[in-house]
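One structure is given here, and the rest of the page talks about it.
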Amino acid sequence: MDSLLEEEEEAAAVVLKSPAAQAGSALLPALHLPFLPPHLYRPASSHEHKLNFKKSKEVCLNYIQDAMLQKQWKRAAEFLTFYIESLEKDFSTAYMGPSEMIWRIGTEILCHHSHSSMKQFNSFIEQMKTLGVKRYLKVCLEHAFHLLCNGLIDEAYQNLSLAESWRFGEQTTIQDKEMKLIQAYRGLLDYYSWSKQKNILLEHGQNGFEDLSVEQEMHSCFRKAAVNLKEIIKIPGVWDLFVKCYVDLLEFYGDHNEACQVLNEYAYNSKFPANPNAHVYLYQFLKRHGESKKSLISALKILHDIVPSHELMIDFNTMLQKSKKRKKRQLGLEVIFAALDYAGWKENVKAWSCLARQVKQIVISEKHLDWIKQEWNSRKDWWPAFHFSRYLAKRNWQENESLSYEKALVAGILLGKDCKYFKYVSHQGCKAQVKRFRILKKFVNKHNPAYLRISGLSDSSVQP
């Protein structure tokens, strides 16, 4: 079959001469049609061809999709070339520019084709720009992304600068948004240049040298970057990278108030979509500048509401446990229980250590057992299999002794001394003559009544 395809390809070379077909010719230096189904290329009357054109077009697009899904990029390129040529032939009297579909498909093929070159990609993209006015800015932006992915930063910057100066008729609302994106990404590249100059300047400073030209270039990049980055983050949306870069610029020049205002606006403005990263950036900024624990807790509380499994929940729990207020300590217990509901935390030693420490303190003081009971009631039906099976006890013991210790303590308190996880780990620990496991076993046996009260098996009332 492969040899048949090769013979067919050699015998059916296609020379593309029309303007629209030239967009397809950028895909390969010399494309050949594969062994196509008869209805895609057999001679037909004009009337018949028009009737079958829609069906033929859909079939051809299906072949392109199939080839792309199977990563057969050469085959996909050949089908696309045939598709473009067909469009030109059927709409020669009423010119029709290349659709977004051709642009998207062609770009994807050129990004993956083994024989594709940057020259061919640039040629294809330039034709897409000139033939698709409404999509000009989108195509420019994607072109810049491709250049950046290939390390061509100066070329990407030049491309964005040209796009920024482009005008066509009355600027629509959509074009205005696209133009702001173009400016924002140019600002991002200005930030990159500023960062490079900053590092050079810092390196010279350490060596006792001063370079006025580098400092001037750095300040010039700062001004250009700041203007464009500031504009894009005013528009409601998710602008994580732009916000981080802008805040970095402001912090470097000591404008902490403006940086804090930007981050607060990004995190709390109701017009912006809910974004956990906005609260992470605010928390990190507040922590860097030694802000109060109240401010830090406030930032992490919202993050907990959005993403209870976020890695910063360890920090949140630690701060809450150090609080003198009962409500905050109770919230700390809720936070660490909620984090351990997620599979990604199952083997997190720090998380289990936080939970073990807090439940141990509660059991020893015999106060607030109702906090544990409240959290355990909604988990007692699924946590034993999820966290405390004998299989996990064996695996945890073999892979991480510290993890098995912390989990065994929690399991013993929540499920009692007869819990499979606790029994296996404590037995193995005592067998290995590890002192802390003997202490653990004694502690759980001594406080087994606490388990009875948490599980509701005791008539004793739980102390508030």
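Look through the stretch 42-89, keep the residues that are among the polar types (S, T, N, Q) and in a helix (DSSP H, G or I), and return whichever of them is modelled with the lowest pLDDT.
So, considering only residues that are among the polar types (S, T, N, Q) and in a helix (DSSP H, G or I), the one modelled with the lowest pLDDT is SER46.
Given the condition surrounded by 14 or more Cβ atoms within 10 Å (Cβ to Cβ) and modelled with pLDDT of 85 or more, answer yes or no: does some residue in the stretch 127-136 qualify?
The answer is no, given that none of the residues of the stretch 127-136 is surrounded by 14 or more Cβ atoms within 10 Å (Cβ to Cβ) and modelled with pLDDT of 85 or more.
Can you name every residue in the stretch 412-426 that is of a type in the set (Phe, Trp, Tyr) and open to solvent by less than 10 Å² (accessible area, probe 1.4 Å)?
TYR421, PHE422
Considering (1) at pLDDT below 90; (2) open to solvent by less than 70 Å² (accessible area, probe 1.4 Å); (3) of a type outside the set (Ser, Thr, Tyr), say which one LYS446 fails and leave the rest.
Only one criterion is unmet by LYS446, namely (2).
If I ask for residues that are under 25 Å from the mean Cα position of the chain (by Cα) and either touching a residue at least 24 places away in the same chain (Cβ under 8 Å) or buried (at least 16 other Cβ atoms within 10 Å of the Cβ) (or both), which ones from the stretch 318-349 would you list?
VAL335, ILE336, ALA338, ALA339, LEU340, ASP341, TYR342, GLY344, TRP345, LYS346, GLU347, ASN348 - these are the residues of the stretch 318-349 that are under 25 Å from the mean Cα position of the chain (by Cα) and either touching a residue at least 24 places away in the same chain (Cβ under 8 Å) or buried (at least 16 other Cβ atoms within 10 Å of the Cβ) (or both).
Considering only the stretch 126-147, state which residues are without any contact (Cβ under 8 Å) to a residue 24 or more places away in the chain and under 18 Å from LEU189 (Cβ atoms).
Of everything in the stretch 126-147, those that are without any contact (Cβ under 8 Å) to a residue 24 or more places away in the chain and under 18 Å from LEU189 (Cβ atoms) turn out to be HIS143, PHE145, LEU147.
Return the residues of the stretch 393-411 that are in contact (Cβ under 8 Å) with a residue 40 or more places away in the chain, over 26 Å from LEU331 (Cβ atoms) and open to solvent by less than 30 Å² (accessible area, probe 1.4 Å); say none if nothing qualifies.
ASN396
Among (1) in contact (Cβ under 8 Å) with a residue 12 or more places away in the chain; (2) closer than 25 Å to PRO308 by Cβ; (3) open to solvent by 80 Å² or more (accessible area, probe 1.4 Å), there is one condition GLN374 misses while meeting the rest; what is its number?
Status for GLN374: all satisfied but (1).
The values are calculated or read from the model by the stated rules, or taken from the named source; none is laboratory data. All values reported here derive from a predicted model rather than from experimental measurement. A quick note on method: Cβ atoms are made from the backbone with ideal geometry, for glycine too, and the neighbour counts reach across all protein chains shown. Ligands, DNA and RNA are stripped out before the accessible areas are found, and what is left, the full protein with its side chains, is counted by its heavy atoms. Shrake-Rupley method; radii C 1.70, N 1.55, O 1.52, S 1.80 Å.
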